[in-house]
Structures are given as structure tokens and as C-alpha cells.
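A quick write-up on the structure given underneath.
The values are calculated or read from the model by the stated rules, or taken from the named source; none is laboratory data. These figures come from a predicted structure and were not determined experimentally. Every residue, glycine as well, gets a Cβ built from its backbone with ideal geometry; the counts of neighbours run over all protein chains shown. These accessible areas exclude ligands, DNA and RNA; they are computed on the full protein's heavy atoms, side chains included. Shrake-Rupley method; radii C 1.70, N 1.55, O 1.52, S 1.80 Å.
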Amino acid sequence: MNEKSLQIIVTGLIQGVGFRPFVYRIATRHKLTGWVLNTNENVKVQVTGDSENIQNFLVSLKKEAPAAAAIETISTTEMETTAIEGFNIRGSHNVSDEITEISPDIAVCNECLNDIDVPGNRLDYAFVNCTNCGPRFTIIQDLPYDRIKTTMKPFEMCPACRSEYETVTDRRFHAQPTACSICGPHYQLFVNNEIISKEIDFIIRHISQSIDSGRILLIKGLGGMHLACDAFNETAVNRLREIKNREGKPFAVMFRDLESVKRFAEVSLQEEQSLVSWRRPIVLLEKKLIDKEPILAESLNAGLNLLGVMLPYMPIHYQLFRQLTTDAIVLTSGNFSSEPILIDNVLSLKLFSHLVDSVVLHNRDIYNRTDDSVVRIIDKKERIFRRSRGFVPTPVRTTFNTEGILAFGAELTNCFCVGKGTKSFLSQHIGDLQGLETTLFYEKTIARFIQLFRVKPKLLAVDLHPNYISTKTGLNFKADLPVVHVQHHHAHIASCMTEHHLDEKVIGVALDGTGFGTDGNIWGGEFFICDLNDFTRITHFEYIPLPGGDLAAEEPWRMAVSYLYKVYGHSFLELELPLLKKIDPEKISLIIQMINKNINCPLSSGAGRLFDAVASLLDLVQFASFQAEGPMRLESLVKQNCVDSYPFNLGRTICFDATIRRIVDDVIKGIDGATIATKFHNTIISTIFETANTIRIKEGINKVVLSGGVFQNKYLLEGTSKILLQNNFEVYSHATVPTNDGGIALGQLAIASKRRELLCV
Ligand code: ZN
Ligand code: ZN
Ligand code: FE
């Protein structure tokens, strides 16, 4: 027998995912002695035994790791052979300011679901979890990940839980949030602000009966409160909208199981994988056209063909569906529109107990607020649109050093980003930095990330827009720190480059609604040649006045009038267009005066505004009730079997006058909206391809990077990628980082890092 000892250092996402018990299990299986230990920078293992067994152990370490673990590196050093009795799991060590990663929250596992059916302390216990599942990021206050540094601290383990926690062979060995009905958190039911019950059976029955009879409830979840009602009940869904301040945004729906999802939506293999993954995001699916009862409430998704769908992920979700008659419930964030999701019990009761029929809370505090994440499968790949529960705080790895850089992000759909070595920690979805509550959440979360990830800010990155709350927060952060100002669309492209480890000159195509340009105009249809340091604007969508500034984004008819006036002059008023019948002629003439006198008419090249104008011409929306409603309605109409497109002009800028003319002709001729919408999408795809091709011919660059919120459009991204690939371009688009403004902070961080490198050299 060839005995030896090996020290093994493992880095990556390995804390809070059942890694040490896993190491214990495979070490004993391979007849090795030694120990395993969590530090705040890695997991250390020492093994002694037969060298062949050690080799097999290393293979198991890589191959059999728990589902939520993500090993980054394994390094080994041979040691002097030391005799240790058995295999031990040692206590955590806080060795330095380095960190290991924090696990995102993990959906309840099947073994835990089985436990709630077994008589004993966990019968029907709604907070069951183990080393393989349960809350993580949402309850973590500091590292290393130990119970006393989580919101489970107040719950002293009962002898039975403690014994499992200390038994190395147990599935709950060192499961920090482990609990049972004797010692752990509990749900409480409130009606009219009065506590009615603490009995889980009663509460589950009450919730199920309430939902089935059309009532609305506020229920505390993993990362925040949810508002819930029956997804088939039109009246309830409408009332829910009223409660949320008439929010127009589509609501997410939780289905009983995969089978019931498939009755209402088309589900591809990749979509199914996302739905059932331990991250359990909301997956945007195409609704099935069905005429059989029951029919999902029409107002769920504002008449769009997309449906935000998720599967149960907390024990209580499964418990509810056992009692519910309905197969689908609306589960939308518990807040008023434009405010962050509520996490506080007292505040939730105060704000919602008089609005909803009952409030269901629990006494496990939520420390880090997270929303349900949103993904969409495009080109068979999962694309994250809202990065929060289940994904955060997994870092993005970079090929360069981002240590100490703090990037503040954009104004809407904000996420910020902190740099730690070659890891960039993109925050959870913060939201739109307009309301006071969201801004407070933003500031607090920045402070938490700095503390949690032990970052000492040395360099700040902000958007070029002087009036963004994020820019102002950055400039006020610390007076003596240097600040890098980053152009919005350069940040978009840099974000996508960073995701794909690109560090060279590329053709950048950034299409979105709005971003501050270096010429003071509003950009958003941009073609760059850029690297991570700088960019040159090669061409862009032609400027057009935005009558009323920000209002133009909320009222697409203003954009239609702006385009029509540009193309036809006053004579557009004689056209037989639906929008001209809908909008008060006086309002229209006011817009024309504003344009002529240049009153509150900033110039914009935003692609989103062109989509808005076309949506208005097709009379899909004149007054938007949620962000990007126009583009979403247009995409909703697209059909797959139409290859025609409209003309456009590539001059010094990209001019859509001819496109608008032909769309107007088609509308007047009575051509169906689906054909027009598809031809319009095809036009944009051609524009991107032809422009990229012109740039390639001139500059010899073959890599095209696509970013910006417009690329959330499946038809557009798939079509653009396809034609570029067919013409031998190398194409890069976002997957793990949002293509919308939620990804901006990563780009800011990358650009700041590159500029710092250049300054130091
Ligand atoms: Zn479990
Ligand atoms: Zn217990
Ligand atoms: Fe943007």
C-alpha cells in the first residue's frame, strides 16, 4: 500500500451548498482519513490514504459535487504523511479579507419535500431545508456562512435538530438554516390586521380556500412578499392590479406542475430545464392558443402572447397546491408599482392589511431582498432578463482585475456591481431609481455588498447622464475617490464583451430606448467600433425629436407624430390613420408646434422609440401602461413565415423615412398588423446586418457584439444572429448578464478597470 497525504484547496461556489458533508461522504467512501474546513476564502481538505484511493477521491470531488456547487479551482499539495483518526469536519476559520462565494437561494429538494409527510417534528413543516436546499443569500448577513451570521440566529436548535446538525452523515449536517416545528420559524395568518392563526394546517387551508374563492392575499416568501390570487379569475386579477396602483405590467404565474404549464404554454426542452432548475426562475413562455375551459385571465399579461411562468420552489407552495383547486396562481411582487418588493412584516401589515383579504407572514427575517428572476430562452439558450433570486450573488468572472471598483449602473432596471479580484459581483435587481424607497434600497445594498464581499472601494464608475440618481449617488459616494464616467451604450457593449471574455476591438451594436450621448443627445440606435477602453461612434439611427422628452416614451403616439411630421410635413394630417382618429387634433397640433419651436424636444436616436412609433401607427398602443409596451406588443404580433421587409437608407446615419412611408401605405391599405410588424422586424435585422457588413469591409473587424434592451426581443435577436452567422460574422449576445440596463454596471466596471490599467502602465 502506497500511503500519502494531500492538502486540497477548492475555490468557487462551495459554501452553503452541502459541500463539506459531500467531501466527508466521498472521503469515507474512498477510505481516507483527514479533515475538511471552510475558510472565508476557500474550502481546505486534507486526506491521508492509499494513493489510488486519493486519485479516485479527486475524481469524485469533481464529478459528484452537489447540484448548486460550482467548483472553480482545485489545487493539491503533497504533505508529510500525518495520521488522523477518521475523517472530521472542522469549524469555520476567518482567515483574511478574501472571500468564498455565497450560494444563491435553492429551491426545496425532493428529500425535504418527503420529510414533510413523515410523522414527527417536520410533519407539514413549511421551513424544511437541508444542505442541498433552502434559503441562502436572502438570510446571510456576513461571512463565513454560519447560522449566527444569518437571520436564523434567533432560532435556537432543539436537541433533535442539533443532533442532525452535528451528525456528519446526516443530510442536515451543518445545514445552517435547519429547523423543525419545535425550534424553527412559523407562519402567521392575519385578517384585518389581527392575528388569526399560527397553525400551519389552518393557514394552508385558509389560503387555498381564499384563493379558490377569488380573494387576494399577501404572502411572505423567500426574498420578499408576494401578492397572490387565482390566475383564472379575471375579477381577482383586475382587483390585484387596482391594489398595486393600476400597474399594467404582465403578472407572473405559478403553476401546480410542469404538466399544467404545458396545457397553457409551449414548452421547449430548454424552457423545461430552466423551469425545473434549482434556481426556479420565472420563464417567459409563449402562450398556447386554447379555446377550452378554464381560460387564464385575459388581463394577466395585458393581451401579450408571452406568459411569465414559474414552478413551486418553497415548501409552502407545494403545500398550497395540495389543497388548491386551481392549477395556477398569480404570484407577483408584493409592493406598489415602482417600489421595491416588501420584506418587512410590520410595514407590510400597515400597507396591505386593509387592501387584501388576508396577510400571511413568517418570522424568519429576510435580510437580502430578492425578486423572482426572469429568463427567456432565445436561440436555445437561457437569457437572464431580471437577475435576482437563484442567481445572485454568483459573480461574473473577468480576465482582468476589478479589485475595488464600484460601478453604480443606470437609472432604470438598476443593478450595481462591485469588483473583487477577477470576480465581479453584480447586485440583485434593484429596480427603477425614481422612488425614494428604491433609492434607499439601492444605497443600503451597495453598503452591504461592500461589507459582505470585503471590498475597499478605490475607483468609481458612473453613467455619463448627470441627472441619474445612480450618477449622483456615485459622485456623492466618497469625495476623494476617482470617478470614471462611462457612456451608456459603450457600457452595454462592454458588459456583453466582459461576459464573453472579449478584450479587443469589436463592432458594437447597442439598441435600446435611451442613454445619454457624448453630444448631449439621447442615444439608443448605436453602431460602434470599440474595445473595453474606448469607442468610436460609426453610425446611428437618425435623430428624431422626442416631443415632451420622457413623456414621449410613455405615449407612443407622440413618437408616431414626430416621425410622420418628419416624413410628410403637415400633410400627414390627411392620412387615414387610426391614431389620428384617436388622439385629440389639438394635442397633435401642439406637438407640431413643440417640434417647430424646439420646445422640450430633445433629439433621440433610440431604437425603442422607433418601435414605439410603429406600435402607435398599428394602433397597438397610444398610451403605454408599462415600460417597453410598444415594442412588446409589436413583437407579440410577429409571425415566422414572412421574409419581406421595408426599405431604409444607410447614409451618414440610418434613415427610416422610407420605412415609415411604406408602413403607412400598408396600414391604409388594410394589410394585417402581423405582416406589418414582421416586415418591420425584418427591416431592423437587415439594417443591423448591412451596417455591420459595411463596417467590416472598411475596418476588417469580424466580431459583432449585440447589447441593449431591444435584444430581449426573441425574433429580433434570433434573426440578427442568424443572418450575421450566415455571413461568417462571430456574434456575441448576452446570456448570464441582462442585455437590458440591468447589465450596464458590469460594463462600467470593465471600462473603469481598463482605464485604470492604462493609467498605471
Ligand atoms: Zn433539502
Ligand atoms: Zn428543531
Ligand atoms: Fe440601455
### Query
Roughly what % of DSSP beta bridges within the chain run antiparallel, to the nearest 5?
75
### Task
Calculate one ³J(HN,Hα) per residue across region 688-702 by plugging θ = phi - 60° into the Karplus curve 6.51 cos²θ - 1.76 cosθ + 1.60, and present them in order as whole Hz with x for glycine and proline.
5, 4, 5, 5, 4, 5, 4, 5, 4, 4, 6, 10, x, 9, 10
### Summary
Per the 1/(1 + (r/R0)^6) rule, R0 = 41 Å and r from the Cβ atoms of Val59 and Lys262, FRET efficiency to 0.05 is 0.60
### Query
Listed highest first by mean packing, meaning other Cβ atoms within 10 Å per residue, what order do 530-539, 398-407 come in?
398-407, 530-539
### Message
Let's test the formula: R0 of 35 Å, r as the Cβ-Cβ distance of Asn110 and Asn193. What FRET efficiency results, to the nearest 0.05?
### Response
0.40
### Task
Report, in deg cm²/dmol and to the nearest 500, the calculated mean residue ellipticity at 222 nm for the chain, where each DSSP H run with n ≥ 4 adds -39500 (n - 2.57) and the sum is divided by the residue count.
-10000 deg cm²/dmol
### Summary
In degrees, nearest 10, the alpha-carbon axis of helix 436-452 is tilted away from the dominant principal axis of the alpha carbons of the chain by 40
#### Entry: Acute angle (nearest 10 degrees) that the helix 585-597 long axis makes with the longest principal axis of the chain, alpha-carbon atoms
90
### Nearby aspartates and glutamates by direct alpha-carbon distance to Lys4 (threshold 20 angstrom, same-chain neighbours under 8 apart not counted)
Asp50, Glu52, Glu78, Glu80, Glu85
### Packing-based ranking, highest mean first, of 382-393, 473-484 given that Cβ atoms within 10 Å are counted
382-393, 473-484
### Summary
For Asn38, the net charge from surrounding residues (Cβ-Cβ under 11 Å; K, R +1; D, E -1) works out to +1
### Message
Please report the carbon-and-sulfur percent of the accessible area for region 490-634; probe 1.4 Å, protein heavy atoms only, DNA, RNA and ligands left out.
### Response
52
### Pairwise Cα inverse-distance average, inverted: Kirkwood Rh of region 232-271 (Å)
12.1
### Message
Among 637-643, 146-152, 425-431, 108-114, how do they line up by average Cβ neighbours within 10 Å per residue, starting with the highest?
### Response
425-431, 146-152, 108-114, 637-643
### Summary
region 271-345 and region 548-601 have their Cα centres apart by a whole-number Å value of 38
### Task
Could you pull out which residues in region 290-323 have an amide N less than 11 Å from a spot 7 Å beyond the Cα of Asp212, following the Cα-Cβ vector?
321-323
### Task
Please find the FRET efficiency linking Leu758 to Lys456, where r is the Cβ-Cβ separation and R0 is fixed at 25 Å, and quote it to the nearest 0.05.
0.70
### Task
Could you give me the radius of gyration and the Dmax of the chain, taking only the C-alpha atoms into account and expressing both in angstrom?
27.4, 95
### Summary
Contact order relative to length for the chain, counting C-alpha pairs under 8 Å separated by 6 or more residues, stands in percent at 11
### Message
Could you compute how much accessible surface Phe232 exposes when probed at 1.4 Å, giving the result in Å² to the nearest 10?
### Response
40
### Message
Which one, Pro135, Ala107, Val118, projects farthest toward the positive side of the charge dipole computed for region 103-184 from Cβ point charges (K/R +1, D/E -1)?
### Response
Pro135
### Task
Answer rounded, prolate or oblate for region 606-654, using the Cα gyration tensor with square roots of eigenvalues a ≥ b ≥ c: rounded when a/c is under 1.5, else prolate when a/b is larger than b/c, else oblate.
oblate
### Message
With both bridge residues required to lie in region 3-89, what share of the DSSP beta bridges run antiparallel, to the nearest 5%?
### Response
90
## Note on the structure
Ordering Cys417, Cys655 by the accessible surface of their heavy atoms, 1.4 Å probe, largest first, yields Cys655, Cys417
### Summary
The pairs in Lys262/Lys722; Lys62/Lys505; Lys288/Lys587; Lys698/Lys754; Lys420/Lys505 lying past 31 Å Cα-Cα in this model are Lys62/Lys505; Lys288/Lys587
### Query
Does region 544-732 classify as rounded, prolate or oblate by the C-alpha gyration tensor (a ≥ b ≥ c root eigenvalues; a/c under 1.5 gives rounded; else a/b over b/c gives prolate, otherwise oblate)?
prolate
#### Entry: Distance between region 494-531 and region 202-233 - C-alpha centres, whole angstrom
43
### Query
Which whole-number value in Å² is the accessible area per residue of the chain, probe 1.4 Å?
38
### Summary
From the Cα centre of region 429-453 to that of region 622-679, the distance in Å is 38
### Message
Nothing charged except the Cβ atoms of Lys and Arg (+1) and of Asp and Glu (-1): what's the magnitude of the dipole of the chain about its Cα centre? Round to the nearest 20 debye.
### Response
580
### Message
Please compute the Kirkwood hydrodynamic radius of region 492-599 from all pairs of different C-alpha atoms, in Å with one decimal.
### Response
16.0
### Stokes-Einstein diffusion coefficient of region 187-362, Kirkwood radius over Cα pairs, 10 °C, 1.306 mPa s, in µm²/s
98
### Query
Regarding region 44-168, what is the average projected area of its C-alpha convex hull, in nm²?
10.1
### Across Lys292/Lys639; Lys444/Lys472; Lys153/Lys444; Lys458/Lys703; Lys31/Lys153, pairs whose alpha-carbon gap is larger than 25 Å
Lys458/Lys703; Lys31/Lys153
